[in-house]
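The next block holds one structure in the form of structure tokens; read it before the comments.
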Amino acid sequence: MIYYRKSKMELNFDKIFRIAIISQKFSGTYPYTKRDKKWATHFILMHGELTIICMLFIYNIIEFDLKAADYSQMCRNMCLSFVYLVITLLYINMLYYQSKLKMLIETMKAEYELAKTMSEEEQNVILEYAKKGRWLCRAWAILTTCGMAQFFLKSIVSTIYSAIQGNFRIVQYYEVICPEVIERHRNNPVIFITLYFCTFFYSLYTSALYTSVLPLGPIFLLHGCAKLEIVRLNIKNLFDNDDYVVQERLKKTVLQMQDIYCYSHEINECFQILYEFLLKATSLVLPITIFAVIQALGRGQFIPEFFAFIFGAFMVGTTPCYYSNMLMEKSEDVRMTLYSCGWETRFDLNTRKCIILMLCRALRPVSIRTIFRSVSLTTLTDVFQQAYALFNLLNAVWN
């Protein structure tokens, strides 16, 4: 059981979502960061290094993988290159909608403070959905950390195995071929350490961006679900009160629903293009990564580090669809509660008109849309069907 005082202490945005905030500050995407010379230097150094490594992956694809018909390695390098494209779009989205994202965060902080004056039941609703958002931040942090750890452990295990076999060599964090001017000095300790650090930083920086940006939309959606749940509680048994109380609660409900519609509109504006791209990315990266893993297994190679890519691509597409669908379901629950709240026992014309108008508006549920369609589990099904079709095409072409 959650007590009132405990709820007051825990409803703190910065503490609940500190994992995402720490990652945002590290990557430079924190909405409250000043875009000055210090930030510009930070961005050029960090994102510039990523651009160089991405160009190195593309160089390997063109110069070696395609010529050697090594489609498994090509798919792996393509996945890592595509990750660069994804995080670049994530960064651009955070910069372009910085003021709107800051406003959404301020809205949540203000409503967390307001929740301290609400009833215990309403506080618990907000806290419940805040904890779901915190769990999602932790899930992304664990996933990205496991992905980095798999690359690191593979390099260590491969190095130990080469020593046992009598052919000792220190294996890179991720094996990649450099241009000839660098490749001839590959075993030079300075070159080796630099390349190891650069590929490690590539995974660290991408992990920070995934952890900082991808949970942000679902966090806002979950808070929208909490707001809808509170509206549903206020509507429940609405007409068991006298006329004055009914009118006051109806006014409150109308204002709350208008606030929710505006809130969801702001979320949609911030993430509409991003979610369209991420769903397309899922339908591409998921089959390519699975194909690369299967091809490697067919050659007797085991690449466990790419299992994190598979699960990550799955989460990239699933999380916005799942939580947007939850928002739609909560909106439908509000509509059904409004219809069954007991309005038929009252004959006040103005009250009935108000109920009719609210029901008509509620026919179109609160949801998040991409450019072409709603973000929902139905859309996710289409994405997985496209991914499966592409996987079959890859098998048909290269097998």
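Structure notes:
- Residues Leu85, Leu238 ordered from highest to lowest accessible area at a 1.4 Å probe: Leu85, Leu238.
- Seen against the Cα atoms of the chain and their longest principal axis, helix 18-27 is set at about 50 degrees.
- Carbon and sulfur %, accessible surface of the range 1-146 computed with the full protein complex present, 1.4 Å: 66 percent
- Average 1/r across all pairs of distinct alpha carbons in the range 188-255, invert it, and you get the Kirkwood radius: 16.5 Å.
- Direction-averaged projected area, Cα convex hull, the chain: 24.3 nm², rounded to one decimal.
- For the chain, built as a Gaussian network whose Cα springs stay under 10 Å, the top-fluctuating residue of Gly147, Gly133, Gly342: Gly342
- Sum of side-chain charges, Val157 neighbourhood, beta-carbon under 14 Å (Lys, Arg +1; Asp, Glu -1): 0
- In a fully extended conformation the segment linking Ile356 and Lys15 would gain 118.6 nm over its present Cα-Cα distance, using 0.36 nm per residue.
- 0 to 90° range, to nearest 10: angle between helix 216-235 axis and the chain longest Cα axis: 20 degrees
- Estimated FRET transfer efficiency (Leu255, Val157; beta-carbon r; R0 51 Å; 0.05): 0.25
- Legend: distances between Cα atoms for Lys25/Lys236; Lys37/Lys116; Lys38/Lys100; Lys102/Lys330; Lys25/Lys330; pairs beyond 31 Å are Lys25/Lys236; Lys37/Lys116; Lys25/Lys330.
- Contour excess over end-to-end distance, with Cα ends at Tyr32 and Lys116 and 0.36 nm allotted per residue: 27.8 nm
- Tilt relative to the chain, helix 189-213 - C-alpha long axis, 0 to 90 degrees, to 10: 10 degrees
- Rg over Rh, two decimals, the range 182-328 (C-alpha only, Kirkwood Rh): 1.24
- Surface accessible to a 1.4 Å probe, per residue, for the residues of the range 21-398, Å²: 49 Å²
- Candidate aspartates and glutamates - alpha carbon under 13 Å from Lys109, same-chain residues fewer than 8 apart omitted: Glu10, Asp14
- Ranked packing of 350-361, 101-112, 218-229, 304-315, most packed first, by mean Cβ within 10 Å: 218-229, 304-315, 101-112, 350-361
The values are calculated or read from the model by the stated rules, or taken from the named source; none is laboratory data. Predicted model, so just to flag it, every value in this text is computed and none were measured. FYI the Cβ positions are ideal-geometry reconstructions off the backbone, even for glycines, and counts take in every protein chain you see. Surface areas here come from the heavy atoms of the whole protein model, side chains and all, with no ligands, DNA or RNA. Shrake-Rupley method; radii C 1.70, N 1.55, O 1.52, S 1.80 Å.
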